[in-house]
1. If I filter segment B:97-105 for residues that are β-branched (V, I, T), closer than 24 Å to A:I47 by Cα and surrounded by fewer than 20 Cβ atoms within 10 Å (Cβ to Cβ), do I get at least one hit?
2. Provide a single number: the residues in segment B:57-91 that are touching a residue at least 60 places away in the same chain (Cβ under 8 Å), more than 11 Å from chain A (Cβ to nearest Cβ) and either farther than 22 Å from B:K18 by Cβ or surrounded by 14 or more Cβ atoms within 10 Å (Cβ to Cβ) (or both).
3. So which residues in segment B:23-56 are closer than 24 Å to A:Q38 by Cα, loosely packed, with under 14 Cβ neighbours inside 10 Å and within 14 Å of the chain's Cα centre (by Cα)?
4. Would you check which residues across segment A:5-48 are hydroxyl-bearing (S, T, Y) and surrounded by 15 or more Cβ atoms within 10 Å (Cβ to Cβ) and list them?
5. Just name the residue that is farthest from A:V33 (Cα to Cα) out of those in segment A:62-111 that are among the small types (G, A, S) and surrounded by 18 or more Cβ atoms within 10 Å (Cβ to Cβ).
6. Given the conditions (1) free of Cβ contacts under 8 Å to residues at least 24 places away in the same chain; (2) more than 26 Å from B:A39 (Cα to Cα), and given that A:Y32 satisfies all but one, which numbered condition is not satisfied?
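What follows draws every value from the coordinates through simple rules; no lab data is involved. All values reported here derive from a predicted model rather than from experimental measurement. Virtual Cβ from ideal backbone geometry, glycine too; neighbours counted across all protein chains shown.
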Amino acid sequence: DAKTTQPPSMDCAEGRAANLPCNHSTISGNEYVYWYRQIHSQGPQYIIHGLKNNETNEMASLIITEDRKSSTLILPHATLRDTAVYYCIVRVAWRDDKIIFGKGTRLHILP
Amino acid sequence: ETGVTQTPRHLVMGMTNKKSLKCEQHLGHNAMYWYKQSAKKPLELMFVYSLEERVENNSVPSRFSPECPNSSHLFLHLHTLQPEDSALYLCASSLTGGGNTEAFFGQGTRLTVV
């Protein structure tokens with residue numbers, strides 16, 4: 001079973017920042033938080049991951065709370081092409097080759 | 001382009017047919033995965049191969065038979081499927097042995113069983 005909880009859907013205006021929350025209250029010390037997205041009928045696309053520090057790359061920023069029980073994915077300037085289902089995944093650090101997806105958040109970018 | 005290639009992209013097969021799905025990666029990864037995604041459902045993990053050894057078989061019916069001949073190739077052999085097996089089948093690969101490694105997905109094979 002997925003170890004994360006996400007809202008089923010969100011809307012965001014084009015050009016604004018999209019903030020997608022994720023709860024992972026049972027996360028343990030060596031588990032990483034991963035974010036993927038899936039645009040309709042395509043394979044999931046890796047976005048970003050982190051352990052406890054905030055992370056930023058060319059696609060997004062990941063903010064992890066100090067207690068690591070929740071995180072937020074930030075798309076700084078959302079475009080229509082960011083409309084997708086976003087998945088937050090917790091992955092055990094050592095030899096966990098299972099990547100378990102939950103239902104994710106369906107993000108609609110509004111023109 | 002993720003570096004993970006799946007063929008064919010679309011497949012229509014009868015319930016008595018035998019077919020195979022192929023996945024290939026040349027990213028130097030040593031773990032490969034099969035997922036199934038039915039309409040409006042989350043991705044379901046089917047099989048995991050790590051270092052060419054099957055480490056996960058997620059209660060998948062025996063009409064699905066995976067094969068991993070080497071670390072770059074993964075197959076899913078299909079036989080006597082049912083219409084409810086129609087779905088998007090996705091392959092992924094990653095480096096094993098740690099959570100600090102992202103997985104890359106192929107574009108999937110859209111399977112229709114008639």
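1. Step one: filter segment B:97-105 for residues β-branched (V, I, T), giving B:101.
Checking the rest, the ones that are also closer than 24 Å to A:I47 by Cα come to B:101.
Subset that is surrounded by fewer than 20 Cβ atoms within 10 Å (Cβ to Cβ): B:101.
Yes: segment B:97-105 contains one or more residues that are β-branched (V, I, T), closer than 24 Å to A:I47 by Cα and surrounded by fewer than 20 Cβ atoms within 10 Å (Cβ to Cβ).
2. Taking segment B:57-91 and keeping what is touching a residue at least 60 places away in the same chain (Cβ under 8 Å), we get B:78-83, B:89-91.
Cutting the leftovers down to more than 11 Å from chain A (Cβ to nearest Cβ) gives us B:78-83.
Within this subset, residues satisfying the condition of being either farther than 22 Å from B:K18 by Cβ or surrounded by 14 or more Cβ atoms within 10 Å (Cβ to Cβ) (or both) are B:78-81.
Number of matching residues: 4.
3. B:S38 - this is the single residue of segment B:23-56 that is closer than 24 Å to A:Q38 by Cα, loosely packed, with under 14 Cβ neighbours inside 10 Å and within 14 Å of the chain's Cα centre (by Cα).
4. At the first step, the residues of segment A:5-48 found to be hydroxyl-bearing (S, T, Y) are A:5, A:9, A:25-26, A:28, A:32, A:34, A:36, A:41, A:46.
Passing the criteria: A:Y32, A:Y34, A:Y36, A:Y46.
5. Within segment A:62-111, the first condition is being among the small types (G, A, S), and the residues that meet it are A:70-71, A:78, A:84, A:93, A:102, A:104.
Of the ones still in play, those that are also surrounded by 18 or more Cβ atoms within 10 Å (Cβ to Cβ) are A:70-71, A:78, A:84, A:102, A:104.
Details: A:S70: 9, A:S71: 8, A:A78: 22, A:A84: 19, A:G102: 13, A:G104: 14 Å.
The residue in question is A:A78.
6. In the conditions (1) free of Cβ contacts under 8 Å to residues at least 24 places away in the same chain; (2) more than 26 Å from B:A39 (Cα to Cα), A:Y32 misses (1) alone.
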